[in-house]
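Structure first, commentary second.
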Amino acid sequence: MTSSMTSFNPERMTPHVWRIPIPTRTLPPASATNTYVIVDGGCAAVVDLGSADAQIRSALCEWLMAMGVQRIQAVIATHYHADHVDGLAPLAHTDLAREAPPLYIHRLDGVRLPAHVAWTEAPRQMAVGTLAVHLWHAPGHTHGHLHVWVESDQLVLVGDNLSGDGTVWVGPPDGHMEAYFHTLEHLKTLRDVQAGPGHGDPLPNVAQAAAALRQRRAMREEQILQLLHQRPLTVRDISRALYAGQLAAGAEFVAQRTVQAHLLRLLDVGAVRRSWDPVQHSFTYTVS
Ligand SMILES: [Zn+2]
């Protein structure tokens, strides 16, 4: 058995939804992306599959058949990043997908997929067997990010807008901090709802998780403003001051993008100004 086969380990979250962590090439510290399967009657929808490994695909199909699934009705991408979509198009050409199910994705993310991948604009609502499944536009991590709401199970699949194993990264060109704040505010209104994130363990209380992240981002913004009160700084200066020594190898890029997303939001609301520093060959930021 290969390591990819031994790590195929579905976990039932709710009566109709299963989570399967799949090894993917993703951002450290994560090394896997959650695939979710929504099952009712003999029908299934598969949300995110970040590996095109043929062994993983056959393990998934065998497991679905053993569960009595006769048909994959749709494959759904929460967003366009490779560690979430790479396996979806091949899955839509397996035996379980005789009727060539659509690959649903939001238009703003669909246009970012590689040209050879066929996709369909996600509807706002679809049926999986007798279940109503809603596809909410929830921008933040990407502009066309989707949340998948399984009302019967009080479960929302949140892709990379929340994480079960570390912080979320929201930075340009894909991420937009103000949009992300709106998305978190919406998640905060959901009562007694469980969330399935793109990476890591399920979040038992989505409102709490969203509130904690919203607070963390507010704290970061406050810290950035405090630093800028002292003197003009570049994105790199700020990132080093905020995350001094705490960053895993390779994470500095992500940290800088997140700082950049905060600064763009602060520019938009007029809280900071930026000017070009020809000596440092970089923008510097100051409080307005
Ligand atoms: Zn992502």
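The values are calculated or read from the model by the stated rules, or taken from the named source; none is laboratory data. Just so it is clear, the structure is predicted and the values come from calculations on it, not from any experiment. Heads up, the Cβs are rebuilt from the backbone with ideal geometry, glycines too, and the neighbour counts pull from every protein chain shown.
Descriptive notes on the structure:
The rows are residues; the columns are (1) at negative phi; (2) touching a residue at least 12 places away in the same chain (Cβ under 8 Å).
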site	(1), (2)
Gln230	yes, no
Arg236	yes, yes
Ala244	yes, no
Phe253	yes, no
Gly270	no, yes
Trp276	yes, no
Gln280	yes, yes
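- Of all residues in the range 93-115 being in a loop (DSSP other than H, G, I, E, B) and crowded, with 22+ Cβ neighbours inside 10 Å, the one that is farthest from the chain's Cα centre (by Cα): Pro101
- Residue check, Ala210 among the aliphatic types (A, V, I, L, M), in contact with a Lys or Arg (Cβ under 9 Å, 6 or more places away or on another chain) and touching a residue at least 40 places away in the same chain (Cβ under 8 Å): yes
- The range 97-124 residues that are in the same structural domain as Ile76 (by TED's automatic domain parsing), paired with ones that are basic (Lys, Arg) (beta carbon under 6 Å, 6 or more apart): Glu121/Arg107
- When Asp153, Asp201 are screened for being more than 14 Å from the ligand (Cβ to nearest atom), without any contact (Cβ under 8 Å) to a residue 40 or more places away in the chain and touching a strand residue (DSSP E or B) at 6+ places or on another chain (Cβ under 7 Å), only Asp201 passes.
- Gln246 within 29 Å of the chain's Cα centre (by Cα) and more than 21 Å from Phe181 (Cβ to Cβ): yes
- Checking each residue in the range 116-129 for being assigned to a loop (DSSP other than H, G, I, E, B) and touching a helix residue (DSSP H, G or I) at 6+ places or on another chain (Cβ under 9 Å) picks out His116, Val117, Ala118, Trp119, Ala122.
- Residue within the range 57-66 that is over 18 Å from Glu11 (Cα atoms) and surrounded by 16 or more Cβ atoms within 10 Å (Cβ to Cβ) present: no
- Just one of the numbered conditions (1) crowded, with 22+ Cβ neighbours inside 10 Å; (2) under 11 Å from the mean Cα position of the chain (by Cα); (3) within 12 Å of the ligand (Cβ to nearest atom); (4) in a loop (DSSP other than H, G, I, E, B) is not true of Trp169: (1).
- Checked against the criterion of being outside the structural domain of Val254 (by TED's automatic domain parsing), more than 16 Å from the ligand (Cβ to nearest atom) and in contact with a helix residue (DSSP H, G or I) (Cβ under 6 Å, 6 or more places away or on another chain), the range 70-89 contains one or more residues that satisfy it.
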